[in-house]
Structures are given as structure tokens and as C-alpha cells.
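Report on the following structure.
The values are calculated or read from the model by the stated rules, or taken from the named source; none is laboratory data. Just so you know, these numbers come straight off a predicted model, no measurement behind them. Cβ: placed from backbone, ideal geometry, glycine included. Neighbour counts: every protein chain shown.
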Amino acid sequence: MPDCLQLIADIPAFVESCKLLQSEENRCTIEDEIAFVDGRTIRRFSSQIRDDRDRYFGRLYVFEDITVHKQAEQALQQQAERERMIYEIAQHIRESLDLDEILNTTVAEVRRFLQTDRAIVYRFNRDWSGVVVKESVAEGWQAILNMQITDTYFVERQGQSYQQSAIQVTSDIYTAGLSLCHIELLERLQVRAKLVVPILQGDRLWGLLVAHHCSAPREWHPLETELLQQLATQVAIAIQQSELHQQLQIANQQLENLALIDQLTQIANRRCFDRTFTLEWYRLMREQRPLSLLLCDIDYFKQYNDTYGHAAGDTCLKIVAQTFKQAVERSTDLVARYGGEEFAVILPYTDTDGAVRVAQKIHEAIQALALPHIASAVSQYVTLSIGIATVIPSYNLSPVDLIEAADRALYKAKVSGRNSWFTSSIFLI
């Protein structure tokens, strides 16, 4: 059949298949498919013909054009693949609240399924300019992740077309009636064809889900546009979930901060001190490194309140607390209100000498304030008494032992005239 032979897509493979069929020994009934260069698919059915004495004298061939059937089969496969992909991404969205992870998965899956050169998520700014926040790009094509893109026409229109849920299908940028500046922008991005779907948060246009075909023009199939539209809906759900989760985390963090911050002085409270002190104790026990504790008391603070009033006393506590924070510079250290007019300073990785230097710095900072205190028996200004204790935590000791040692040192400072600091000799290193 010479007229048919020239239509066969793979002639060598077809010839080899015919050799097997022509063998007298091959009694099998064969059913296979032949691809034509014009896109048709022909099903071939072949079986031996033998007489009543089982003598072979020919073969029966039946040829049937099954192109429509194959196209329907492929469409069903694409539909199944599309539904599988959407289901997997939807599952991923439900399992994760990490927006970065979800968007990365989305662009990778879109590019893989559409077999296109680039897939991006583009997010709008308040002025309707935008930035590429996620990208999956094939090797050999320009990466545009984090690129700021401003389309003047689009900014002026403020995304009105996309806010109407419009899908932009462009098979070839040179025949789509685009403005010259728009074409120049797409040329810089190496885009020849594109498929764009809006990502909406209610009535708000959040961004765009975009497929770029760079190598050549491309006719986008309706199933492909439907896929991208459904994925944009899933991404919108993910964004909403993520934003709600972030708001919840912020609210929880604010509640946590309220629970751990002294509302008057705005430094750590006793609860925060207890938790941090215990964590540092066991951490430094594992590392066998020193931990120092300062317990500080404002001298004659009851007399201060009696003289100046409780409102002035609260102001004094606020000023002293902030002075403590400024004097203790390391981020690993913690200044806390221990109770009433008492303050505590946790100093990880600090030996006795280092703790003494911090105490001296605090003393100097308080003296520099020169807060009047006419009712004090040791000075005309507000002063501090400080107790210092240091230890390398061990299983033979408990956190309470260090607190009691610092408290004994504080008591010694008070009975020795106040406005001073003392260390506990039991835990000196």
C-alpha cells in the first residue's frame, strides 16, 4: 500500500512489525497501533488463516482509524492528570500553612503539567506595580524571581480586567494586539506566549498565576486554562489560610508577651525570669559553663513611696528598669522585675569577675540618673544594693541554690550599709 506507507510516522518500526506478522510460525493474533504523520492513529488487527488441515495460507488484516477514540482517551488522561494535580496541591494546602512552600509547589507543578518554559506567581504592590515572588523556570531561560515589574498601562488601569476574574490567553505576543511597550517588556522576559489567571482574595486582586512559553508561539488548550484557573482558586485559599494563621500567631505572640512582660516596667516579669533561669541552668549544665545571677534591690524604696507617693514610685521603677536594660548589653542576658522593688539579671556564660563588672556598670548607670531620694539613709539619690552569685550548674545543685546564694549576697550588701554589691563566697569560681 504505497500511498499509506508514506503516511506512517515510523517506517522502520512498521517494517519490523510486518516481518513478525509474515512468519508462518507466528500463530498469535496481533492487535497494535500505527501512528501517521498527519496525527491519525490506525489500529491494526492481524490473525493467521489456516484450512481445516491446519495449513497456513494467509493472514487476515483489519485496519481501523481510531484517532477520535485516541483523542478522547488522551483527553480523559489529561483530565485525570489535571484532577490528580489539583487534588495533590489542595491536599498540600490543607496539610501546610507555609505559604512559601505551597507557592513553590504550585509553580513547579504548573510548569511540569503544562510542559512550559516558566511558571510564576506575581504579587501586586499597593501602587499596582508588582514583583515575581515565586518561579519555576526551565534550564536555558532567564530567571526573573524577585524582579520588580511595572506595566504603566496596567498601573493606570489598576488591574480592572483581572478584578473581573478575566483569564488572559496569549498564543503569540506579536499577533495579540499588545502595545509596543508591553511587547518590549515581554521580549526582555523572553516570553512568546502566556497564560495569565488572577489570584483573588474576595474582591481584592492579590496577584497573578502565570505560565510563560518562551521557545515558540503556543495555542493554549481549554483544559489548560481551566487547570490554571482552578489552581489559582486553590492558591487563593492557601493565601487566606496563611494570612489567618499569621494573624493568629501574632495574636498568640502578643498574648505570650503580655504573660511574660511586667506591665509597669515593660521588662521581663517573674514568670519569664523563672522560665528563662531554669532553661539556662540546664543548658549550661550540659555545656559545663558558668551562670551568674544578680539580685538587686532599690534602697529604702518604702520610704521613697512614703515621701514622693506611689505614682512617683512607679515612675522610679520604670526609669530604673530601663536603665538596667541599657546597662546589660548582651542579647543572651535577661533583666527581669523579680518582685516589688527587686530586679534580677541572668548572665549566662559569665564568671564572677564578669558579673562584678556588670554590677559595677549598673551602679554607675543608676548614680548617673541622680534621682532624688531625700528619705534615703545612704544618699540623697536613688541607690541599689546588689547580690552576686556564680556557679557551674551540676546535678548536685539546683537552680534554687544559686538564687539563695545571690539572696545571701544581697542581704550582706544591705547589712553592710547598702549602695554596694557583694558576692556569695560559696559559689565563687
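Structural remarks
- Leu208 vs. criteria buried (at least 19 other Cβ atoms within 10 Å of the Cβ) and at pLDDT 85 or above: yes
- Against the criterion of being farther than 20 Å from Phe422 by Cα, assigned by TED's automatic domain parsing to the domain that holds Ala375 and in contact with a Pro (Cβ under 6 Å, 6 or more places away or on another chain), Glu287 does not qualify.
- Gln380 meets the stated requirement of being touching a Pro at 6+ places or on another chain (Cβ under 8 Å), over 17 Å from Trp421 (Cα atoms) and not hydroxyl-bearing (Ser, Thr, Tyr).
- Residue match in region 334-351 (condition: in contact with a Lys or Arg (Cβ under 7 Å, 6 or more places away or on another chain), surrounded by fewer than 17 Cβ atoms within 10 Å (Cβ to Cβ) and either at positive phi or at pLDDT 95 or above (or both)): yes
- Considered as a group, the residues in region 38-91 that are farther than 26 Å from Leu7 by Cβ and touching a residue at least 40 places away in the same chain (Cβ under 8 Å) include one that is surrounded by the most Cβ atoms within 10 Å (Cβ to Cβ), and that residue is Ile89.
- One residue from Gln254, Gln201, Gln229 being outside the structural domain of Arg111 (by TED's automatic domain parsing) and either among the β-branched types (Val, Ile, Thr) or at pLDDT below 90 (or both): Gln254
- Annotation: of all residues in region 95-148 being within 23 Å of Gln247 (Cα to Cα) and exposed (fewer than 13 other Cβ atoms within 10 Å of the Cβ), the one that is nearest to the chain's Cα centre (by Cα) is Asp100.
- Positions within region 163-190 being at pLDDT below 90, surrounded by 12 or more Cβ atoms within 10 Å (Cβ to Cβ) and of a type in the set (Ser, Thr, Tyr), in sequence order: Ser165
- Residues of region 255-271 satisfying the condition of being within 27 Å of the chain's Cα centre (by Cα) and among the polar types (S, T, N, Q): Asn257
- Candidate set from region 394-407 (those that are more than 19 Å from Val358 (Cβ to Cβ) and either among the polar types (S, T, N, Q) or touching a strand residue (DSSP E or B) at 6+ places or on another chain (Cβ under 8 Å) (or both)); member that is surrounded by the fewest Cβ atoms within 10 Å (Cβ to Cβ): Asn396
- Against the list (1) exposed (fewer than 15 other Cβ atoms within 10 Å of the Cβ); (2) within 16 Å of Leu103 (Cα to Cα); (3) at pLDDT 85 or above; (4) not hydroxyl-bearing (Ser, Thr, Tyr), the condition Pro217 fails is (2).
- Scanning region 1-57 for residues that are in contact with a strand residue (DSSP E or B) (Cβ under 7 Å, 6 or more places away or on another chain) and either assigned to a helix (DSSP H, G or I) or of a type in the set (Phe, Trp, Tyr) (or both) returns Phe14, Ser17, Leu21, Phe36, Phe45, Tyr56, Phe57.
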